[in-house]
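Visitor: Quick one: the structure is below, and I'll ask about it shortly.
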Amino acid sequence: MKLRNIALCASVCAWLTGPAATVSSPDGRLVLTTSLSAEGQPLYSVTYDGQPILLDSPLGFVSNIGDFSKGLTLTGEKTGKVDKSYDQAKIKKSHIDWKANTLTESYSAGKKRDMSIEWQVGDNDIAFRYVIPVEGGTRSMIIEKEASGFRFPDFTTTFLTPQSDAMIGWKRTKPSYEENYKADAPLNEPSQYGHGFTFPALFHVGDNGWALLTETGVDGYFCGSRLGDYKDGVFAIEYPMPEENNGNGSANPAISLPGATPWRTITIGKTLKPIVETTIPWNLVEPLYRSDFEVKPGKGTWSWILWQDNSINYDDQIKFIDFAADMGYQNVLVDNWWDTNIGKDGIAKLAKYAQSKGVNLLIWYSSSGWWNDIEQGPINKMSRPIPRKEEMKWLESLGIKGIKVDFFGGDKQETMRLYEDILSDANDHGISVIFHGCTMPRGWERMYPNYVGSEAVLASENLVFSQDFCDIEDFNATLHPFIRNAAGVMEYGGTVLNKRLNRNNDGGTTRRTTDAFQLATSVLFQNPVQNFALAPNNLTDAPADAIEFMKAVPTTWDDTVFIDGYPGKYVVLARKSTDGKWYIAGVSAEEKPLKLTLDLPMLTKGQEVTLYSEDGKGPLKAKSLKVKDPAKVQLTLNKRDGFVIVEE
Ligand code: CA
């Protein structure tokens, strides 16, 4: 051992100020360079087409078994390749090929303490994680602080959403990834609450390109992380706040050794195309268990979104089951308070009625009643294995195929374990799970076969709660495909055809966007299970073509292609349905009419397509058109307007 250290000293000393290693992507355009600082801290930098995306950025961590953030020596280096293909029905693309060049660098912190950093470098994605071996008798480790960070050139602008204080908001349920974004803000813009920003985080590195940061592979063996506020030129990885989850559970992750941290990922492109189309969150993970039942994605409606708490009664749920059947939808979501207002016997009767109409019930639960003030029932059924398993057994006996669990309390490892426990128990009973009031998914679409969606966004309910939110619905819609929904499925619960957001379509807040805008969001916002904010009255008061579209629109896709857009301004995407039809959808938040000339290579000259649009004035109509030149399809969009083109 001693001999090896001496032999290495000569070469390590030579690397102290120079690059230790360089890895290029398979296409050669993305280049990662690692080095060791004079203090012995691992650093990395990234270029794309020779232009800097990340400048020397820090790596390492401090743990209760040693400081791996400085005084390290490089002890080994290994390169390799990843070439992997897999199918995944729930995300933006159904078949994925992942090719990357890999680098593993091993470091010694002295005193028999070693650590490796593993890298994967694909054409538009970089991922890294720390791997810690067993040494001596030490078989567990707590990470006190991570040094991992991201140093962007100072002309970079940011598209970030803040982490909230813990134990604030509705019934003290935050943080729940339901905060506003700032678009194109300077790097040093302080976060709203002083706790930095949640993943995913988008950066515009001027003419050099774009970068999306997030993490994946987070399960019950680690916490969710976030970015701290910009400090000394760096956004550093931070762990949950001790106050999260009402103070329950540690803020620091504990791992069993040998072990690894989750993958932190950087998606990079000259344009926004690689950001929108990335599959990096799923490329790096594998399913954690098998599902013996078929998870059936599908469409549904929910009374709660427009009719609110008063609609959680037997008769109103019958109306929504009938409505779902009329729409050809698979699901009706019964939201909070069903335990007191409908009761278990009532749910059993409803489930039977729904099944006679070919509809499944999805049933709402609070995650708990002991880390927030939620009184909406049922509470305390999902937090512990004994009541949870009882409840799952009961749901299975009624043939219920899905649940929605709401109001989690943050990103601690303890909470990640709860998400995993709920998913695992539900899987034993043939039940799929949607999370609301929750953290963002981190590879979960692939890791957990029966996971079908998370909110983790300011979602459709805010249209009902706030006119201000209605007024910026267009701005928000142009962000999600580039940020939140680029990194994970997003259960938004939207597509509203009511003009007014109340039960009788005659009061409450006023929708500012067009019907065509709303149809476009059903394509732009991707989640394998969609609970649309439609109501029975829309069968007669919404444009007939809009209803026909909503009956036909799919919820799973074979492919997703970025066409045009800029976060906060406008977005146009194309998605290919599993039966081979392309849907091209766009919305605008621009003040002035937006003249678009779109290159749509998926269409052919002379092909017939249906255009759903307002034609500048409304009402929404479906119009059959022949494609003149697929490379120059011209459209004009007003502010808060949208369109969808569907292949015939
Ligand atoms: Ca919510």
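The values are calculated or read from the model by the stated rules, or taken from the named source; none is laboratory data. Because the structure is predicted, anything quoted here is derived from the model rather than measured. Virtual Cβ from ideal backbone geometry, glycine too; neighbours counted across all protein chains shown. We work out accessible area using only protein heavy atoms, side chains counted, and drop any ligands, DNA or RNA first. Shrake-Rupley method; radii C 1.70, N 1.55, O 1.52, S 1.80 Å.
Visitor: Looking at the stretch 424-432, can you tell me whether even one residue there is under 17 Å from residue 530 (Cα atoms) and either within 16 Å of the ligand (Cβ to nearest atom) or open to solvent by 10 Å² or more (accessible area, probe 1.4 Å) (or both)? Steps first, answer last, please.
Guide: The initial filter retains those residues of the stretch 424-432 that are under 17 Å from residue 530 (Cα atoms), namely 431-432.
When the remaining residues are screened for being either within 16 Å of the ligand (Cβ to nearest atom) or open to solvent by 10 Å² or more (accessible area, probe 1.4 Å) (or both), the result is 432.
So far as the stretch 424-432 goes, yes, one or more of its residues are under 17 Å from residue 530 (Cα atoms) and either within 16 Å of the ligand (Cβ to nearest atom) or open to solvent by 10 Å² or more (accessible area, probe 1.4 Å) (or both).
Visitor: When you check residue 143 against the structure, is it in contact with a strand residue (DSSP E or B) (Cβ under 9 Å, 6 or more places away or on another chain) and either assigned to a loop (DSSP other than H, G, I, E, B) or surrounded by fewer than 18 Cβ atoms within 10 Å (Cβ to Cβ) (or both), yes or no?
Guide: No, not satisfied.
Visitor: Filter the stretch 155-175 down to residues that are among the aromatic types (Phe, Trp, Tyr) and open to solvent by 10 Å² or more (accessible area, probe 1.4 Å) and give me whichever is nearest to the ligand (Cβ to nearest atom).
Guide: Among them, the one singled out is 170.
Visitor: Checking the structure you have, find out if any residue of the stretch 268-284 is in contact with a strand residue (DSSP E or B) (Cβ under 6 Å, 6 or more places away or on another chain), farther than 27 Å from residue 526 by Cβ and at pLDDT 95 or above.
Guide: no
Visitor: Is it the case that the stretch 351-369 has a residue that's within 16 Å of the ligand (Cβ to nearest atom), farther than 23 Å from residue 316 by Cβ and crowded, with 24+ Cβ neighbours inside 10 Å?
Guide: yes
Visitor: Please name all residue pairs, on different chains or six or more residues apart, with Cβ atoms under 6 Å, provided the first residue is in the stretch 605-617 and is within 12 Å of residue 636 (Cβ to Cβ) and the second residue is crowded, with 16+ Cβ neighbours inside 10 Å.
Guide: Filtered contacts from the stretch 605-617: 613/516; 613/643; 614/514; 614/516; 614/620; 614/641.
Visitor: Of the residues that make up the stretch 464-475, is at least one in contact with a Gly (Cβ under 9 Å, 6 or more places away or on another chain), under 23 Å from residue 404 (Cα atoms) and touching a residue at least 60 places away in the same chain (Cβ under 8 Å)?
Guide: Yes, that holds for at least one residue.
Visitor: Answer yes if at least one residue in the stretch 611-622 is open to solvent by less than 50 Å² (accessible area, probe 1.4 Å), modelled with pLDDT of 95 or more, among the polar types (S, T, N, Q) and closer than 20 Å to residue 588 by Cα, and no otherwise.
Guide: Yes, the stretch 611-622 has at least one match.
Visitor: Does residue 437 satisfy being away from the ligand (no atom under 11 Å from the Cβ) and part of a loop (DSSP other than H, G, I, E, B)?
Guide: no
Visitor: Would you please name the residue that is surrounded by the fewest Cβ atoms within 10 Å (Cβ to Cβ), looking only at residues in the stretch 563-594 that are of a type in the set (Gly, Ala, Ser) and farther than 25 Å from residue 512 by Cα? Break it down stepwise before answering.
Guide: If we filter the stretch 563-594 for residues that are of a type in the set (Gly, Ala, Ser), which is where we start, we get 565, 568, 574, 577, 580, 585-586, 588-589.
Add one more test, that the residue is farther than 25 Å from residue 512 by Cα, and what stays is 577, 580.
Details: 577: 19, 580: 9.
Checking each candidate, the answer is 580.
Visitor: Restricting the search to the stretch 283-331, which residues are within 28 Å of the chain's Cα centre (by Cα) and of a type in the set (Asp, Glu)?
Guide: 286, 292, 294, 309
Visitor: Moving to a separate point now. Which residue is nearest to the ligand (Cβ to nearest atom), if the candidates are limited to the stretch 381-396 and must be over 15 Å from residue 337 (Cβ atoms) and open to solvent by 60 Å² or more (accessible area, probe 1.4 Å)?
Guide: Filtering the stretch 381-396 for residues that are over 15 Å from residue 337 (Cβ atoms) and open to solvent by 60 Å² or more (accessible area, probe 1.4 Å), the one nearest to the ligand (Cβ to nearest atom) comes out as 384.
Visitor: Oh, and also: Taking residue 442 as the residue in question, decide whether it is under 24 Å from residue 251 (Cβ atoms), touching a residue at least 24 places away in the same chain (Cβ under 8 Å), away from the ligand (no atom under 15 Å from the Cβ) and basic (Lys, Arg). Please lay out each step first, then the result.
Guide: Numbers: under 24 Å from residue 251 (Cβ atoms): yes; touching a residue at least 24 places away in the same chain (Cβ under 8 Å): yes; away from the ligand (no atom under 15 Å from the Cβ): yes; basic (Lys, Arg): yes.
Yes: the conditions hold for residue 442.
Visitor: Going through the stretch 497-538 one residue at a time, which ones are within 26 Å of residue 445 (Cα to Cα) and of a type in the set (Val, Ile, Thr)?
Guide: 521, 523, 529, listed by residue number.
Visitor: How many residues, within the stretch 488-533, are among the hydrophobic types (A, V, I, L, M, F, W, C) and under 17 Å from the mean Cα position of the chain (by Cα)?
Guide: Looking only at that region, the number is 6.
Visitor: Could you check how many residues of the stretch 130-166 are over 30 Å from residue 203 (Cβ atoms) and among the hydrophobic types (A, V, I, L, M, F, W, C)?
Guide: Residues of the stretch 130-166 over 30 Å from residue 203 (Cβ atoms): 133-142.
Now restrict to residues that are among the hydrophobic types (A, V, I, L, M, F, W, C): 134, 141-142.
Qualifying residue count for the region: 3.
Yes/no matrix, rows are residues, columns are (1) of a type outside the set (A, V, I, L, M); (2) touching a Pro at 6+ places or on another chain (Cβ under 6 Å); (3) in a helix (DSSP H, G or I):
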| position | (1), (2), (3) |
| --- | --- |
| 496 | no, no, no |
| 519 | no, no, yes |
| 530 | yes, no, no |
| 534 | no, no, no |
| 545 | yes, no, yes |
| 562 | yes, no, no |
| 572 | no, no, no |
| 586 | yes, no, no |
| 596 | no, no, no |
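Visitor: In the stretch 397-410, what count of residues is obtained for those that are open to solvent by less than 10 Å² (accessible area, probe 1.4 Å) and within 16 Å of the ligand (Cβ to nearest atom)?
Guide: Going through the stretch 397-410 one residue at a time, the tally reaches 6.
Visitor: Go over the candidates 604, 597, 636, 560 one by one and state the one that is more than 20 Å from residue 327 (Cα to Cα), assigned by TED's automatic domain parsing to the domain that holds residue 492 and open to solvent by less than 10 Å² (accessible area, probe 1.4 Å).
Guide: It is 560.
Visitor: Which ones in the stretch 451-473 are acidic (Asp, Glu) and within 8 Å of the ligand (Cβ to nearest atom)? First the steps, then the outcome.
Guide: Residues of the stretch 451-473 that are acidic (Asp, Glu), as a first pass: 455, 461, 468, 471, 473.
Answer for the stretch 451-473, where residues must be acidic (Asp, Glu) and within 8 Å of the ligand (Cβ to nearest atom): 455, 461.
Visitor: Which one is surrounded by the fewest Cβ atoms within 10 Å (Cβ to Cβ), of the residues in the stretch 505-544 that are among the β-branched types (Val, Ile, Thr) and under 30 Å from residue 295 (Cβ atoms)? Walk me through how you get there before you give the answer.
Guide: Pass one, the stretch 505-544, residues among the β-branched types (Val, Ile, Thr): 509-510, 513-514, 521, 523, 529, 540.
Cutting the leftovers down to under 30 Å from residue 295 (Cβ atoms) gives us 521, 523, 529.
Values: 521: 23, 523: 28, 529: 26.
Going through the qualifying residues, I end up with 521.
Visitor: Just checking, does the stretch 474-489 include any residue being within 16 Å of the ligand (Cβ to nearest atom), of a type in the set (Val, Ile, Thr), in the same structural domain as residue 575 (by TED's automatic domain parsing) and crowded, with 23+ Cβ neighbours inside 10 Å?
Guide: Yes, the conditions are met somewhere in the stretch 474-489.
Visitor: Still on this structure, please answer the following. Looking only at the stretch 176-235, which residues are under 19 Å from residue 281 (Cβ atoms), part of a loop (DSSP other than H, G, I, E, B) and either open to solvent by less than 20 Å² (accessible area, probe 1.4 Å) or within 16 Å of the ligand (Cβ to nearest atom) (or both)?
Guide: 177, 198, 199, 200, 218, 220, 222, 223, 224, 225 - these are the residues of the stretch 176-235 that are under 19 Å from residue 281 (Cβ atoms), part of a loop (DSSP other than H, G, I, E, B) and either open to solvent by less than 20 Å² (accessible area, probe 1.4 Å) or within 16 Å of the ligand (Cβ to nearest atom) (or both).
Visitor: If you go through the stretch 423-434 one residue at a time, how many are assigned to a loop (DSSP other than H, G, I, E, B) and either without any contact (Cβ under 8 Å) to a residue 60 or more places away in the chain or within 15 Å of residue 488 (Cα to Cα) (or both)?
Guide: The first filter runs over the stretch 423-434 and keeps only residues assigned to a loop (DSSP other than H, G, I, E, B), leaving 429-431.
Filter again for either without any contact (Cβ under 8 Å) to a residue 60 or more places away in the chain or within 15 Å of residue 488 (Cα to Cα) (or both), leaving 429, 431.
The number of residues fulfilling the criteria is 2.
Visitor: Let me ask you something else. Can you confirm whether the stretch 103-119 contains a residue that is under 30 Å from residue 574 (Cβ atoms), assigned to a strand (DSSP E or B) and not β-branched (Val, Ile, Thr)?
Guide: no
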